[in-house]
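Accompanying notes for the structure given below.
The values are calculated or read from the model by the stated rules, or taken from the named source; none is laboratory data. This structure is a prediction, so every number in the text was calculated from the model and none was measured. With ideal geometry, Cβ positions are generated from the backbone for all residues, glycine too; neighbour counts draw on all protein chains shown.
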Amino acid sequence: MSDQSNLPLLMLIDGHSLAFRAYYAFAKARKGPLRTSTGIPTSVCFGFLNSLIQAIKLENPQYIAIAFDSKEPTFRHEADVNYKADRKETPEDFIPDILNLQRLLEALNITIITAPGYEADDVLGTVATKGSQEGYRVKIVSGDRDLFQLVNDDNHLSVLYLERNAVKSSSGEGYTEFNVEAVTEKMGIKPTQVIDYKALCGDKSDNIPGVRGIGEKTAVKLLSEYGTLEAVYNNIEEIKGANQKKLKEGKKEAEHSQYLAEIVTDAPLEFQIERCELKGFNFDAVKPILEELELKKFIKEINQLQEHFGGNITLEVHEKINKNETHQLSIFDDVPEKVEPVNNIKEETKESLINPQIITEIEQLHELVDKLSTFTNANIPVAWDTETTDLNPRQANLVGIGCCWGNNPTDIAYIPIGHKQGKQLKKEQVLDSLRTILESSDYPKVFQNTKFDRLIFKHQAINLDGVVFDTMLASYVLHPEKSHKLSELCEQYLEGITCQNYDELGISKKQTIADLDIEKVAEYCGMDAYGTFLLVEPLKNELQQVPTLEQLLLEVEQPLEAVLSIMEDTGILIDTEYLGKLSKELEQELSSLEKKAYDAAEEKFNLGSPKQLGEILFEKLELNRKKSRKTKTGYSTDHATLEKLKGDHPIIDYILEYRTLSKLKSTYIDALPELVNKKTKRIHTNFNQSVTATGRLSSSNPNLQNIPIRTEFSRQIRQAFIPQKDWLLVSADYSQIELRILAHLSQESVLLNAYQNAEDVHTVTAKLLFEKEEITPQERNLGKTINFGVIYGMGSQRFAREAGVSATEGKEFINKYRQRYAKVFEYLENMKKEAIANGYVTTILGRRRYFNFFDDNLYRFRGHDPQTIDLNKLNINYNDSQLLRAAANAPIQGSSADIIKIAMVKIQEILNYYQANLLLQVHDELVFEIPEKEWEELNHKIKETMENAVKLTIPLVVEIHAGKNWMEAK
């Protein structure tokens, strides 16, 4: 897959899905639906527009189109009179609301698309397919999982799934992006199997019958084993018992349901995607509609969007907006019980909550430093914030520094030093004066996201010290699944305190914060510092209620922040010359594969065109069409189809190899050199400390945690990562850490004995499963597959598929494993029970991962003794079964994350006395660059520190190697 970030983004909105979500979000709320003072319903308009703005802020699309159902019956209604027949009648107040919405969208210059005889899903499928083919990234916003069938990573097409809370969200919560992996994780099937899934189990909401008696779990099981509906029926005699009879009797219904479930991707639409470009709107066309619907509070937000997307805001419009500015809630505040009419709004000036001191004289600066030097109580740290022109610390100019030392609105200062206009002190004067405070641990400090400010100060020659609290990390430790933005935290913990979002400052594309008035930035920065200061007390109080979480923050996460900032700043060297040669080598290999494919097909064709490839494979070469599925443009040629066709014709191997190498070339070999910093010649990734629910770190810009290693060419990519001249690149990797943690947590004697006696645990497992002493390499691999698979909830079907054995053998192996490792499964079941009873599970260090289940019936066990829960008696739906599988795994994966974090902190304490650098953390591996003269000494210290980071009942083992590049070291 090519680098998607360079492709324009086309966002498609499922209009009716979003409109109904908006309507029922308020209709079923305690306060009831929204209406104007004259009774006009506005729930749809309010919720839809709120969601649209949130989606735009999240994704920043260049093109938007909204699809609505047409009034005419569709081809599905003609094929089945019962299609959607059981749906409730459209509520009366929904119709005028959606008509007003369409008026408003047209005024906003948002493209609306319908197709007579087709549903909105078909319009979305057609436009999405067209967009992908024409080189756009496509994201479909919808609350309808039917659209998952369109998801295709190779075509840059994903679904931004709209949760029920999204229409009321104040910060973009409630949107989950589903790519192929996410769909598979959520549903247990691939996007290409969604149609056949509905063909088997039906869809009650649409009156798609499916096969009578085949439910969701059985449908997933059948498709996991056989792949497609056609394959299920081709192997019907293998399916035993009642399911075989149900499938035979329901074959006609299955095929009919398949027809109803498939989204059309070639509906007769005549339009150009260029029409969908966001070009701003006519304010005078929008304003009267907003006033009529008494939704005027949207004007301020739309004005910002107007500027953001290229629309021009005239001074006259600004004056109109400012004149009518009131104490109305922002779009992102809670929805009021009643929307007051515009005519009843009193004109008054909004007063600020704070009155920051703006430091522009040297005497003021000295007074401020004297004042700050009196605050030495670690329980009441001074809050700090920086304003910069860029989020990249290496490229950013420092514009101003803010601080807050008390609860009073005047206990705040802002020091401007990099604004384009206005009186301000010289940066050198300010930094020299503040140095004694900022670089001393005697003066306790609190930040929101310390790592960013630490790096900003570092590039101003200030070595920050004395940070005793980080509000973002505190929030992450307490609630890893929630947003940790400052504005969100203030809304949650501080009544009446609202921190402004950066996007609300009205900065145009060509501007930075340095272009704004000093007073405006002083208000913005001061409010951030004020909010950060006030958050310390409630966050500390909450942490003190769970001492293990407080300890996790103070002893792991906050010390790790300083380590990550060093790693980010150091970066890792890339051999761009080598990548250039590898790229040319790969070009030749791709050309060779192309020629081989042409020779095998006896004609030239576009290997990147699914349509042309389908014609070659299934029409010209007449390969087995039963191994594919018919699409609107021909036959599917996705990866799963090609895997089934392996061995049927030489061209298949050429195409698979071509696709693999092409992706490696575009995603890594050609992309990495573009990300190298020109000054340092290194790549500086961002380590994300507060993103994953498990506690693991992630990285971005670029993501270095997904560098592939399975193929020969992918391993060669690691050869491009090198140390500085005459140094060594070192890889230190925990061996089987998750299995060791499982042994520790479950206290399974077989695993404990194997690890304590330094035996090969995969061989031990294979001996138990095959009931013999002499084990072949293939049998050991089966032991390895099942050992690691159990951690992630692997069932017999998946094990059989991955191990290359029959379904019957797979089931036998899993059953044997359960018998031999009874304590492992007892532990995993106990974690599921804890998740239901407590709402969370914990790691060895006490890190929590919370779970919110779909089925309300599971909440009746909340607060019960976990051991009183009988999982076998619970009717657990598919979605909740996936959550419980994650709950069983979370303490293992989370403990692994905790252990390597502790190791990183302790190793950095050692490295402070050496030249060596810690560069990367990738899963269970740490990567260093070390001078040759330090290698012998540090080899043992690194290994010993990692192996003793946390004491378990079995030893942790680290494999450490050095080389001239990452491939050699690995």
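Summary table below
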item	result
One residue from 283, 271, 298 being surrounded by fewer than 20 Cβ atoms within 10 Å (Cβ to Cβ) and aromatic (Phe, Trp, Tyr)	271
Near pairs, Cβ below 7 angstrom, 6+ apart or cross-chain, from the stretch 348-365 (among the small types (Gly, Ala, Ser)) to any residue that is at pLDDT 90 or above and not in a strand (DSSP E or B)	352/523
Failed criterion for residue 625 (all others in (1) touching a residue at least 60 places away in the same chain (Cβ under 8 Å); (2) among the charged types (D, E, K, R); (3) touching a strand residue (DSSP E or B) at 6+ places or on another chain (Cβ under 7 Å) hold)	(1)
Residue identified as buried (at least 21 other Cβ atoms within 10 Å of the Cβ) and assigned to a loop (DSSP other than H, G, I, E, B) among 926, 956, 952, 919	956
Neighbours by Cβ (under 8 Å, 6+ apart or cross-chain): first from the stretch 271-290, under 11 Å from residue 65 (Cβ atoms); second in a helix (DSSP H, G or I) and among the small types (Gly, Ala, Ser)	273/131
Given (1) in the same structural domain as residue 947 (by TED's automatic domain parsing); (2) under 34 Å from the mean Cα position of the chain (by Cα); (3) more than 21 Å from residue 899 (Cβ to Cβ), index of the condition residue 793 fails	(1)
Selection count where residues are under 19 Å from residue 580 (Cβ atoms) and touching a Leu at 6+ places or on another chain (Cβ under 7 Å), scope the stretch 704-716	3
Filtered residue count, the stretch 433-453, keeping only those that are closer than 25 Å to residue 485 by Cα and of a type in the set (Val, Ile, Thr)	2
Search result, residues across the stretch 58-69 that are crowded, with 16+ Cβ neighbours inside 10 Å, of a type outside the set (Phe, Trp, Tyr) and not in a strand (DSSP E or B)	58, 59, 61, 62, 69
Among the residues listed as 712, 748, 738, the single one being charged (D, E, K, R), closer than 30 Å to residue 844 by Cβ and surrounded by fewer than 20 Cβ atoms within 10 Å (Cβ to Cβ)	738
Selected residue (criterion: nearest to residue 751 (Cα to Cα)) from residues of the stretch 795-826 that are of a type outside the set (A, V, I, L, M), in a helix (DSSP H, G or I) and touching a Leu at 6+ places or on another chain (Cβ under 8 Å)	820
Residue within the stretch 357-365 that is of a type outside the set (Gly, Ala, Ser), loosely packed, with under 15 Cβ neighbours inside 10 Å, at pLDDT 95 or above and within 40 Å of the chain's Cα centre (by Cα) present	no
Selection status of residue 844, assigned to a loop (DSSP other than H, G, I, E, B) and touching a residue at least 40 places away in the same chain (Cβ under 8 Å)	yes
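For every residue, the table says whether it meets (1) surrounded by fewer than 17 Cβ atoms within 10 Å (Cβ to Cβ); (2) modelled with pLDDT under 50; (3) under 30 Å from residue 116 (Cα atoms).
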{"site": "260", "(1), (2), (3)": "no, no, yes"}
{"site": "294", "(1), (2), (3)": "no, no, no"}
{"site": "303", "(1), (2), (3)": "no, no, no"}
{"site": "306", "(1), (2), (3)": "no, no, no"}
{"site": "324", "(1), (2), (3)": "yes, yes, no"}
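Residues are listed down the side, and each one gets a yes or a no for (1) crowded, with 23+ Cβ neighbours inside 10 Å; (2) at pLDDT below 95; (3) of a type in the set (Val, Ile, Thr):
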| site | (1), (2), (3) |
| --- | --- |
| 443 | no, no, no |
| 448 | yes, no, no |
| 454 | yes, no, no |
| 459 | no, no, no |
| 467 | no, no, yes |
| 470 | yes, no, no |
| 474 | yes, no, no |
| 477 | yes, no, yes |
| 482 | no, yes, no |
